[in-house]
Amino acid sequence: MNPDRRTFLSGTAAVLFGGAFAGRLGAQQEALPPQDAAGSLRDPESAGRSQERATHRDNDPFVTGIEKRIQCTCGCTLDVYTCRTTDFTCTYSPALHKEVLALEDEGKNADQIIAAFVEKYGEKVLMAPKPEGFNVAGYVVPGLLILLVGGVMLAVLQRRARLSRPAVVPGAPPMPPGATPGTSATPPASPAELERLQRELRELDQ
Amino acid sequence: MTLLGQFALWAAFFIGTWAAVIGFSGRWHGRPELALSVTRSVYAIFAVLVVAAISLWQGLITHDFNIEYVASYTSRNLPGYFIFSAFWAGQKGSLLFWAIVLSMFAALAQWLTAARYRALMPYVAAVTSSVVVFFVTVMLFAANPFMRLPFTPPDGNGLNPQLQNIGMVIHPPMLYLGYISITIPFAFAIAALLSRRLDTGWLHAIRKWTLMSWLFLSIGITLGMWWAYVELGWGGYWAWDPVENASLLPWLTMSAFLHSVMIEEKRGMLKRWNMTLIIGSFLLSIFGTFITRSGVIASVHSFTQSNVGYFFLAFLLVTGVLAFTLLYTRWERLEAEVQLESVVSREAAFLFNNLLFVGIAFSVLWGTLFPILSEAVRGTKITVGPPFFNKVNVPLGLMLLALTGIGPLIAWRKASTANLKRQFTWPLISGAVVLAVCLVGRMENFYAIVALALAGFTAGTLLQEFTRGTRARHRMYSESYPKAFAQLVARNRRRYGGYIVHVGMLIYFVAFTGYAFKTEMEATLKPGDSATLRSPFGHTYVFTHVGVSQFEQLNRVVTQASVQVTKDGKSIGVINSEKRQHFSEPAPGVRQKSFEPSTEVGIRYTLQEDLYIVYAGSVAGTEEAVYRFTINPLVIWVWIGGVVLVVGGLITMWPGGTTATGSLKRAEAGYEVQLASAGAGSAE
């Protein structure tokens with residue numbers, strides 16, 4: 001057999017049949033040598049970037065509330081709080097977190113801190129644009145459009161519904177009891193005809 | 001084998017071009033052999049693309065790192081199932097995956113479509129072949145998965161650790177299946193327009209395809225949420241990322257279509273609207289692909305930026321212009337056969353439901369594109385993130401939830417006051433009871449209160465529908481209640497399957513309210529230290545750090561941090577969270593670290609709330625660990641809602657059931673339309 005083909009076939013078999021056992025193999029953990037007495041990790045690099053100790057200020061709703069309104073500048077598209085508590089390889093979000101704490105230490109309130117960030121990093125740093133100027137369009141256009149279309153739809157439907165109602169023709173014979181009226185140009189159906197039609201429709205539905 | 005793959009792509013290109021040119025030209029009219037040639041081309045395209053796919057898989061399995069794609073997304077020590085899924089992990093492979101799945105669906109459509117729709121099939125073949133040709137063209141000229149490197153690296157780069165998750169083996173194909181299968185309803189719509197066969201026949205031909213597309217999209221989106229939740233580690237499942245939004249857009253328009261198509265089938269109305277929705281859904285699926293691959297909008301999900309975005313933009317524009325021009329030329333033929341009789345009718349409720357679905361789709365599209373618009377108008381870059389989308393879309397979503405309850409209760413044609421009173425009394429009471437419970441329980445989040453009250457109302461409507469139907473069968477046929485319920489669903493699959501889908505949506509909405517009560521904290525713990533967190537349901541959890549261990553597993557070094565958890569003083573077990581450092585082995589005994597260490601979340605699922613533990617890392621390489629503890633209420637109901645929704649969709653799709661047959665027979669006879677438009681006497 002051609003070695004390439006053999007490799008391919010054996011590889012395919014390994015993927016198809018071996019894959020099923022891979023999870024089980026994964027469970028057979030090969031322990032590294034025990035950690036030393038000082039409680040330090042054998043391979044600290046594999047545990048990711050070294051972390052700073054969390055303080056009560058990291059959980060302060062005032063701080064986290066601000067951080068959820070500003071975007072991390074690393075390009076991840078996440079807010080600062082989410083990035084610093086999710087992407088532990090990011091060096092930007094911890095720095096931005098420290099900036100927030102520093103601004104709080106200066107006695108600034110939430111809006112002032114946000115304004116300081118906008119001044120430094122531009123409007124893009126806000127997770128949602130301020131509803132000012134052209135940005136107002138961003139917030140109101142979808143709702144206004146739905147209201148407008150909904151209003152027009154309602155008006156048109158009411159008009160059509162009104163038009164589809166039967167016109168009263170002077171001198172026309174009275175409608176049979178229980179019959180659905182047609183338009184003025186359509187002769188009304190007899191009860192027998194209506195009953196037959198309803199029966200046939202029911203039969204079709206069965 | 002790459003040569004064979006290349007050859008297969010070119011073969012698909014030429015065969016597809018033949019099918020498209022002959023199919024669209026209409027030269028097959030009166031020439032059965034030519035029509036047969038067009039439809040058989042579809043099978044041939046599928047066959048050659050299977051050859052192309054096998055060629056790529058062969059390269060992946062045999063670690064042929066001379067192929068650029070194989071070197072970019074795999075490594076020698078990558079587990080087998082991830083080698084398999086690497087096929088769609090990158091841009092080029094996913095394009096081939098798209099093309100082969102589309103050709104498979106196109107072949108199935110030709111094979112499975114009933115003989116009575118034969119006149120449409122060459123046009124259908126032309127449309128599907130054109131789309132396949134487009135994807136093959138992108139591969140041949142911009143993103144060739146068989147491109148070879150000038151050298152052979154000893155090992156590949158490996159797969160991004162975040163993609164080494166079972167969710168990523170299933171989620172992308174499901175989403176692709178949803179995106180791709182929309183092409184079939186689109187092809188039938190174009191075929192109906194081209195052939196001028198604009199009765200409800202084409203709708204019946206595509207009913208299962210549209211449901212299938214919608215189901216695959218639903219599964220794909222839900223699996224995507226699940227993957228984000230278990231893998232990304234931020235404690236949520238939906239971030240309004242442009243790529244997430246792109247998947248939601250066709251789902252919304254398809255949902256609108258699945259509702260409005262009922263009005264066309266039953267009343268002969270909304271023909272133009274349904275055509276617009278199908279064309280729009282297809283274009284939105286292409287738009288989603290454009291967003292993901294162009295790099296025009298920043299997203300965490302995007303493929304590497306490349307010039308394929310221009311191909312997609314051009315295809316999007318050309319297809320949109322051609323399809324809507326064709327629709328315009330047939331506008332008069334798509335006149336509604338009856339007019340709406342009352343604003344208080346199911347037809348009107350469905351119209352407003354459509355308005356909301358499409359309105360939400362517009363709102364999501366608007367928000368996604370607003371940064372580009374803002375930059376063009378003001379020259380200032382802005383970010384449109386979750387706070388924006390929540391502010392704009394949550395009220396719309398709640399209105400949709402209300403209509404989910406209202407729609408099925410209103411009578412067709414015209415609802416009387418007595419009908420409204422009979423139908424709405426109990427649901428309104430159930431909504432009011434839920435509202436009272438929320439207020440008595442001092443719930444403070446406005447949107448959560450409204451959502452739960454509306455959920456109570458909608459649950460009332462659904463329960464009432466099932467109860468009345470079951471009781472009616474019990475009385476009429478003396479069936480036991482369980483049997484009556486089963487028969488009710490089995491004999492009216494479309495209606496009650498649809499209601500089960502509504503139950504799934506209801507569960508989703510209730511689960512989403514849990515997000516408002518998410519509780520989290522960061523803590524740094526030495527072994528033996530504890531942190532305490534109180535949940536929204538009033539439980540007190542104590543997290544005690546046990547220690548950190550390191551071991552090797554498959555293609556990675558795992559650093560595992562363990563936490564002992566007690567709930568209200570009672571131990572509920574140990575939860576582990578991990579850091580994984582992946583490595584490659586270019587030669588035996590040679591190990592290279594690949595990628596940054598990734599985080600694996602520890603999750604304990606319960607019906608009330610999830611405990612979500614993230615090991616951020618260690619302090620100065622010791623066992624002193626930094627954690628984020630999160631309590632996520634009701635998250636498991638998102639996944640349960642997804643399962644219920646899929647079950648409902650499958651019931652609706654399942655062959656047989658009496659009303660489906662009746663509806664088809666009626667539509668074929670044009671029965672109701674004649675009754676309403678031409679007077680009762682002419683309906684024979």
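Acidic (Asp, Glu), surrounded by 20 or more Cβ atoms within 10 Å (Cβ to Cβ) and touching a residue at least 24 places away in the same chain (Cβ under 8 Å): does that describe residue A:67? Walk me through how you get there before you give the answer.
Numbers: acidic (Asp, Glu): yes; surrounded by 20 or more Cβ atoms within 10 Å (Cβ to Cβ): yes; touching a residue at least 24 places away in the same chain (Cβ under 8 Å): yes.
Yes, satisfied.
So which of B:401, B:420, B:428 is under 22 Å from the mean Cα position of the chain (by Cα), away from chain A (no Cβ under 14 Å) and farther than 30 Å from residue A:123 by Cα?
Sole residue among the options that is under 22 Å from the mean Cα position of the chain (by Cα), away from chain A (no Cβ under 14 Å) and farther than 30 Å from residue A:123 by Cα: B:401.
Within the bounds of the stretch B:53-71, is there any residue that is under 15 Å from residue B:128 (Cα atoms), in contact (Cβ under 8 Å) with a residue 24 or more places away in the chain and out of contact with any Ser or Thr (no Cβ under 6 Å at 6 or more places or on another chain)? Before the answer, list the steps.
Initial filter on the stretch B:53-71 (under 15 Å from residue B:128 (Cα atoms)): none.
No: zero hits.
Would you please name the residue that is nearest to the chain's Cα centre (by Cα), looking only at residues in the stretch B:364-396 that are among the small types (Gly, Ala, Ser) and either surrounded by fewer than 18 Cβ atoms within 10 Å (Cβ to Cβ) or in a helix (DSSP H, G or I) (or both)? Show your work before the answer.
Step one: list which residues in the stretch B:364-396 are among the small types (Gly, Ala, Ser), which gives B:367, B:374, B:376, B:379, B:385.
Going one step further and asking which of them are either surrounded by fewer than 18 Cβ atoms within 10 Å (Cβ to Cβ) or in a helix (DSSP H, G or I) (or both), we end up with B:367, B:374, B:376, B:379.
On the way: B:367: 19, B:374: 29, B:376: 31, B:379: 34 Å.
Among residues in the stretch B:364-396 that are among the small types (Gly, Ala, Ser) and either surrounded by fewer than 18 Cβ atoms within 10 Å (Cβ to Cβ) or in a helix (DSSP H, G or I) (or both), the one nearest to the chain's Cα centre (by Cα) is B:367.
What single numbered condition from (1) of a type in the set (S, T, N, Q); (2) away from every other protein chain (no Cβ under 14 Å); (3) farther than 22 Å from residue B:424 by Cβ fails to hold for residue B:487?
Result: residue B:487 fails condition (2) only.
This table checks each residue for (1) touching a strand residue (DSSP E or B) at 6+ places or on another chain (Cβ under 9 Å); (2) within 8 Å of chain B (Cβ to nearest Cβ); (3) buried (at least 22 other Cβ atoms within 10 Å of the Cβ).
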{"site": "A:59", "(1), (2), (3)": "yes, yes, no"}
{"site": "A:72", "(1), (2), (3)": "yes, no, yes"}
{"site": "A:88", "(1), (2), (3)": "yes, yes, yes"}
{"site": "A:91", "(1), (2), (3)": "no, no, no"}
{"site": "A:100", "(1), (2), (3)": "yes, no, yes"}
{"site": "A:107", "(1), (2), (3)": "no, no, no"}
{"site": "A:111", "(1), (2), (3)": "no, no, no"}
{"site": "A:114", "(1), (2), (3)": "yes, no, no"}
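One residue is enough: does the stretch B:6-15 have a residue meeting the conditions over 18 Å from residue B:146 (Cα atoms) and in contact with a helix residue (DSSP H, G or I) (Cβ under 6 Å, 6 or more places away or on another chain)?
Within the stretch B:6-15, one or more residues are over 18 Å from residue B:146 (Cα atoms) and in contact with a helix residue (DSSP H, G or I) (Cβ under 6 Å, 6 or more places away or on another chain).
If we keep just the residues of the stretch B:218-240 that are touching a Pro at 6+ places or on another chain (Cβ under 9 Å) and not in a helix (DSSP H, G or I), which is farthest from residue B:520 (Cα to Cα)?
Only one residue fits best here, namely B:240.
Does at least one position in the stretch B:355-368 carry a residue that is of a type outside the set (Lys, Arg), closer than 17 Å to residue B:271 by Cα, more than 7 Å from chain A (Cβ to nearest Cβ) and in contact with a Leu (Cβ under 8 Å, 6 or more places away or on another chain)?
Scanning the stretch B:355-368 turns up at least one residue that is of a type outside the set (Lys, Arg), closer than 17 Å to residue B:271 by Cα, more than 7 Å from chain A (Cβ to nearest Cβ) and in contact with a Leu (Cβ under 8 Å, 6 or more places away or on another chain).
Restrict the check to the stretch B:36-50 and report whether at least one residue is in a helix (DSSP H, G or I), at pLDDT below 95 and over 33 Å from the mean Cα position of the chain (by Cα).
yes
Is at least one residue of the stretch B:196-217 touching a Lys or Arg at 6+ places or on another chain (Cβ under 8 Å), of a type outside the set (Ser, Thr, Tyr) and part of a helix (DSSP H, G or I)? Before the answer, list the steps.
To start, the set of residues in the stretch B:196-217 that are touching a Lys or Arg at 6+ places or on another chain (Cβ under 8 Å) comprises B:196, B:198, B:201.
Add one more test, that the residue is of a type outside the set (Ser, Thr, Tyr), and what stays is B:196, B:198, B:201.
Remaining after also requiring part of a helix (DSSP H, G or I): B:201.
So far as the stretch B:196-217 goes, yes, one or more of its residues are touching a Lys or Arg at 6+ places or on another chain (Cβ under 8 Å), of a type outside the set (Ser, Thr, Tyr) and part of a helix (DSSP H, G or I).
In this structure, is residue B:21 part of a helix (DSSP H, G or I), at pLDDT below 95 and touching a Pro at 6+ places or on another chain (Cβ under 7 Å)?
Values: part of a helix (DSSP H, G or I): yes; at pLDDT below 95: yes; touching a Pro at 6+ places or on another chain (Cβ under 7 Å): no.
Answer is no for this residue.
So, restricting to helices (runs of 4 or more DSSP H) that lie completely within the stretch A:84-168, which ones have at least 3 residues that are of a type in the set (Asp, Glu)? Full working, then the answer.
On the way: elements: A:92-105, A:110-121, A:135-164.
It comes to A:92-105.
All but one of (1) crowded, with 23+ Cβ neighbours inside 10 Å; (2) within 14 Å of chain A (Cβ to nearest Cβ); (3) among the β-branched types (Val, Ile, Thr) hold for residue B:45; state the number of the condition that does not hold.
(2)
With the requirement that a residue be of a type in the set (D, E, K, R), within 14 Å of chain A (Cβ to nearest Cβ), closer than 22 Å to residue A:59 by Cα and surrounded by 16 or more Cβ atoms within 10 Å (Cβ to Cβ), what does the stretch B:518-569 give you?
Let us first name the residues in the stretch B:518-569 that are of a type in the set (D, E, K, R), namely B:518, B:520, B:522, B:526, B:529, B:534, B:552, B:556, B:567-568.
If we keep only those that are within 14 Å of chain A (Cβ to nearest Cβ) too, we end up with B:518, B:520, B:522, B:526, B:529, B:534, B:552, B:556.
Among the residues that remain, those that are also closer than 22 Å to residue A:59 by Cα are: B:518, B:520, B:522, B:526, B:529, B:534.
Result: B:518, B:520, B:522.
Please tell me if residue B:205 is modelled with pLDDT of 90 or more, over 16 Å from the mean Cα position of the chain (by Cα) and aliphatic (A, V, I, L, M).
On the way: modelled with pLDDT of 90 or more: no; over 16 Å from the mean Cα position of the chain (by Cα): yes; aliphatic (A, V, I, L, M): yes.
It is false that residue B:205 is modelled with pLDDT of 90 or more, over 16 Å from the mean Cα position of the chain (by Cα) and aliphatic (A, V, I, L, M).
Out of the residues in the stretch A:46-57 that are within 7 Å of chain B (Cβ to nearest Cβ) and not in a loop (DSSP other than H, G, I, E, B), which is surrounded by the fewest Cβ atoms within 10 Å (Cβ to Cβ)?
A:46
Do you know which residues across the stretch B:438-448 are surrounded by 11 or more Cβ atoms within 10 Å (Cβ to Cβ) and either in contact (Cβ under 8 Å) with a residue 40 or more places away in the chain or over 25 Å from residue B:396 (Cβ atoms) (or both)?
B:445, B:447, B:448
Just one of B:574, B:542 is over 26 Å from residue A:81 (Cα atoms) and in contact with a Ser or Thr (Cβ under 6 Å, 6 or more places away or on another chain); which is it?
Working: B:542 fails: over 26 Å from residue A:81 (Cα atoms).
The match here is B:574.
Does the stretch B:350-363 contain any residue that is among the hydroxyl-bearing types (Ser, Thr, Tyr), surrounded by 16 or more Cβ atoms within 10 Å (Cβ to Cβ) and not in a helix (DSSP H, G or I)?
Here is the first cut: in the stretch B:350-363, the ones among the hydroxyl-bearing types (Ser, Thr, Tyr) are B:363.
Add one more test, that the residue is surrounded by 16 or more Cβ atoms within 10 Å (Cβ to Cβ), and what stays is B:363.
Then keep just the ones that are not in a helix (DSSP H, G or I); that gives none.
No, every residue in the stretch B:350-363 fails to be among the hydroxyl-bearing types (Ser, Thr, Tyr), surrounded by 16 or more Cβ atoms within 10 Å (Cβ to Cβ) and not in a helix (DSSP H, G or I).
What are the residues in the stretch B:604-620 that are of a type in the set (A, V, I, L, M, F, W, C) and farther than 17 Å from residue B:511 by Cα, if any? Write out each step before concluding.
Let us first name the residues in the stretch B:604-620 that are of a type in the set (A, V, I, L, M, F, W, C), namely B:607, B:611, B:613-614, B:616, B:619-620.
Selection gives B:613, B:614, B:616, B:619, B:620.
Name the pairs whose Cβ atoms lie under 7 Å apart, with the first residue in the stretch B:151-166 and closer than 16 Å to residue B:230 by Cβ, the second of a type in the set (Gly, Ala, Ser) and buried (at least 16 other Cβ atoms within 10 Å of the Cβ), and 6 or more positions between them or separate chains?
Once the first residue is closer than 16 Å to residue B:230 by Cβ and sits in the stretch B:151-166, its partners that are of a type in the set (Gly, Ala, Ser) and buried (at least 16 other Cβ atoms within 10 Å of the Cβ) give B:161/B:598; B:162/B:598; B:163/B:89.
Residue B:151 fails exactly one of the following numbered conditions: (1) among the aromatic types (Phe, Trp, Tyr); (2) away from chain A (no Cβ under 14 Å); (3) within 25 Å of residue B:310 (Cβ to Cβ). What is the number of that condition?
Failed condition: (3).
Being of a type in the set (A, V, I, L, M, F, W, C) and over 19 Å from residue B:571 (Cα atoms) is the filter here; which residues of the stretch B:589-627 pass it?
Applying the first criterion (of a type in the set (A, V, I, L, M, F, W, C)) to the stretch B:589-627 yields B:590, B:595, B:601, B:603, B:607, B:611, B:613-614, B:616, B:619-620, B:625-626.
Across the stretch B:589-627, the qualifying residues are B:590, B:595, B:601, B:614, B:616, B:619, B:620, B:625, B:626.
Could you list all residues from the stretch B:550-573 that are out of contact with any Lys or Arg (no Cβ under 8 Å at 6 or more places or on another chain), in a strand (DSSP E or B) and farther than 24 Å from residue B:164 by Cα?
Those that are out of contact with any Lys or Arg (no Cβ under 8 Å at 6 or more places or on another chain), in a strand (DSSP E or B) and farther than 24 Å from residue B:164 by Cα: B:563, B:564, B:566, B:567, B:570, B:571.
Which residue pairs have Cβ atoms under 9 Å apart, sit 6 or more places apart or on different chains, and have a first residue in the stretch B:373-389 that is within 20 Å of residue B:363 (Cβ to Cβ) and at the interface with chain A (Cβ under 7 Å from one of its Cβ atoms) and a second that is part of a helix (DSSP H, G or I) and of a type in the set (Val, Ile, Thr)?
B:383/A:125; B:384/B:368
The values are calculated or read from the model by the stated rules, or taken from the named source; none is laboratory data. Remember, predicted model here, so these are calculated numbers, not experimental data. All Cβ positions, even for glycine, are placed from backbone atoms using ideal geometry, and neighbour counts span all protein chains on display.
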